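The values are calculated or read from the model by the stated rules, or taken from the named source; none is laboratory data. Computed from a predicted structure; not experimentally measured. Cβ placement follows ideal geometry from the backbone for every residue including glycine, while neighbour counts extend to all protein chains displayed. Side chains are part of the model used for accessible areas, which takes the heavy atoms of the whole protein and leaves out ligands, DNA and RNA. Shrake-Rupley method; radii C 1.70, N 1.55, O 1.52, S 1.80 Å.
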Amino acid sequence: MSAVGVLRSRRVLRQLLPGLPASLTRHYTLDVPAPLLRTQAYVDGRWVSAASVFPVLDPATGQELARVSDCGPGEAKQAVEAAHRAFRSWRDTTAKERSVLLRRWFDLLVLHREDLAKLITFECGKPLRESLGEVVYSASFLDWFSEEARRIYGDIVPPSVRDRKLLLLKQPVGVASIITPWNFPSAMITRKVGAALAAGCTVVVKPAEDTPLSALALAELAERAGIPPGVVNVVPCSRDRTPSVGQVLCSDPMVAKISFTGSTATGKVLLKMAADSVKRVSMELGGHAPFIVFDSADVDMAVGGAMASKFRNSGQTCVCSNRFLVQSGIYDLFLDKLGRAMDAELRLGHGSEPGTTQGPLINSRAAEKVVHHVSDAVSRGARLLKGGTRLSGSFMEPTLLADVTTDMLCTKEETFGPLVPVIRFETEEEALAVANGTNVGLAGYFYSQDVSQIWRVAEALEVGIVGVNEGLLSAPEAPFGGVKESGLGREGSKYGVDEYLEVKYMCFGGLKL
Ligand code: NAP
């Protein structure tokens, strides 16, 4: 079989997507070579079926794309055992060997980027251009960590007595459980697995129910790259089975480390499980990013940054701006320019359509949340300047709200959708108090041309990542992570491998020097 096609009828499409462009009334086909459209779990270097399957749906249409093995605790346990066995030999490979394998895996992602991007678009809904960007970003972590693998140095520490030498060895922690969300189905896996493999750890990956196809395609390419059996394992499962699979991955004594990206609520559940056997944890959790525009800002630059940071993946990224704070001197100008940019640049549609910039939200629950945030704000006095309507399926109009106040729900929690709630402020102190008045702190953005203000605000914002006159921040060279309830640890950068390493102190005594 060379390709798998998924078709749907025009009649069904019209029912699903009223209010969307006429170009959408056509068939959409996921046309990806069969070897990359894996549907079984990948355990110990073998493709294995579970007793049942679950459907993977195109969020734009509700159409079933594939049926994937629904792993349970049994398969999860087998995967942990396989990873544990493989660790014994993987940890002893040389840094150069691990580096070469990661680089080969990177090359394969680049080679198959078009097909991997199609998988992302069809299972997660994001526009194809963004999906291609995600594949490049995803691959960049394998490239980066293939290089970092060779730079995991220990230390020699000057002793305070003459007959000793003090050495610090860096050693891999062991088996890592990798639990990832649907909004970056590829990059959230490689950002963790690249670092883990570079350090000498082996992994069991549990992708989100909505997006297992990208994870399984990554496993297929890992196998082709020559990564040995058991080093990378992938156990997809349905949401019903997630708690029991999660229980194995977070509590089995053979697991040394949990690396999770997802909501703060789930992160807290996993942290509690990790506590019982005192596992190492990395937590990349939810955000609620402030986007502050000061009077001194270049307003056009700020509008460009707002568009980039808000509407990527239809507002469904953890670093998406969630609260817009605009100083009174440029408030009306900013709203006017942002509204025009939204009209000019945003096009709703199926992600595979070339002109689409806004795909669907991941499911109807996500769309309901945005509608709830909009109606709550309007009922408390916000002005609806644009959008506000949920279209059929999980499509949501990009929405602009003015005169938003801090008692509204959208300023208190992550919306995770295409909503721009704009708050007017008068002073820098006031803006910082609002920006920091939350229990999370992942990303924060601000626009200013005043260099003293730039230093003051960058230092005062309680976040892990700050964008100064910049709306797109992620890069493999830079550490990614949050403060407060946005998480623990950092991914990417020279710090990323530390999450998978122990530092062993070795004291060489009794030396006749
Ligand atoms: P989620 O509901 O927490 O799910 C994330 C992953 O955890 C999924 O694979 C999910 O499986 C799994 N999971 C849920 N309950 C579990 C349990 N009891 N045991 C083991 N695994 C469990 O998050 P989401 O809604 O998919 O993702 C959106 C959230 O992720 C947002 O809050 C966003 O800010 C955050 N995020 C953070 C970052 C970052 O780097 N800080 C990056 C991207 C996203 P199922 O799919 O089967 O439920």
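Among the candidates Val293, Val278, Val269, which residue alone is surrounded by fewer than 24 Cβ atoms within 10 Å (Cβ to Cβ) and either within 30 Å of Arg323 (Cβ to Cβ) or aromatic (Phe, Trp, Tyr) (or both)?
Just a single option satisfies the conditions, and that option is Val269.
Please indicate, with yes or no, whether at least one residue in the stretch 354-365 is in contact (Cβ under 8 Å) with a residue 12 or more places away in the chain and closer than 22 Å to Thr427 by Cα.
No, the stretch 354-365 has no match at all.
Name the strands (runs of 3 or more DSSP E) wholly within the stretch 414-513 that hold at least 3 residues that are more than 14 Å from the ligand (Cβ to nearest atom) and surrounded by 13 or more Cβ atoms within 10 Å (Cβ to Cβ)?
On the way: elements: 419-425, 443-447, 465-468, 501-508.
By residue number, 419-425, 443-447, 465-468.
In the set Ala196, Ala219, which member is of a type outside the set (Ser, Thr, Tyr), closer than 19 Å to Ala34 by Cα, outside any loop (DSSP other than H, G, I, E, B) and touching a strand residue (DSSP E or B) at 6+ places or on another chain (Cβ under 8 Å)?
The conditions single out Ala219.
Just to confirm my filter: which strands (runs of 3 or more DSSP E) fall fully inside the stretch 64-179 and include at least 2 residues that are of a type in the set (S, T, N, Q) and closer than 28 Å to Glu499 by Cα?
none
Let's see how each residue does on (1) within 7 Å of the ligand (Cβ to nearest atom); (2) among the polar types (S, T, N, Q):
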{"position": "Val232", "(1), (2)": "no, no"}
{"position": "Arg241", "(1), (2)": "no, no"}
{"position": "Val245", "(1), (2)": "yes, no"}
{"position": "Val248", "(1), (2)": "no, no"}
{"position": "Val255", "(1), (2)": "no, no"}
{"position": "Thr261", "(1), (2)": "yes, yes"}
{"position": "Thr266", "(1), (2)": "yes, yes"}
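With Thr242, Thr211 as the choices, which residue is in contact (Cβ under 8 Å) with a residue 60 or more places away in the chain and of a type in the set (Ser, Thr, Tyr)?
Going through Thr242, Thr211 in turn, just one is in contact (Cβ under 8 Å) with a residue 60 or more places away in the chain and of a type in the set (Ser, Thr, Tyr): Thr211.
Quick one: in the stretch 178-195, of everything that is over 8 Å from the mean Cα position of the chain (by Cα) and within 9 Å of the ligand (Cβ to nearest atom), which residue is nearest to Arg239 (Cα to Cα)?
Filtering the stretch 178-195 for residues that are over 8 Å from the mean Cα position of the chain (by Cα) and within 9 Å of the ligand (Cβ to nearest atom), the one nearest to Arg239 (Cα to Cα) comes out as Ile179.
In this structure, does Leu271 turn out to be modelled with pLDDT of 95 or more and within 9 Å of the ligand (Cβ to nearest atom)?
Here the answer is no, as Leu271 does not meet what is asked.
Which one of these does Val175 not meet: (1) open to solvent by 10 Å² or more (accessible area, probe 1.4 Å); (2) over 17 Å from the mean Cα position of the chain (by Cα)?
The one condition Val175 does not meet is (1).
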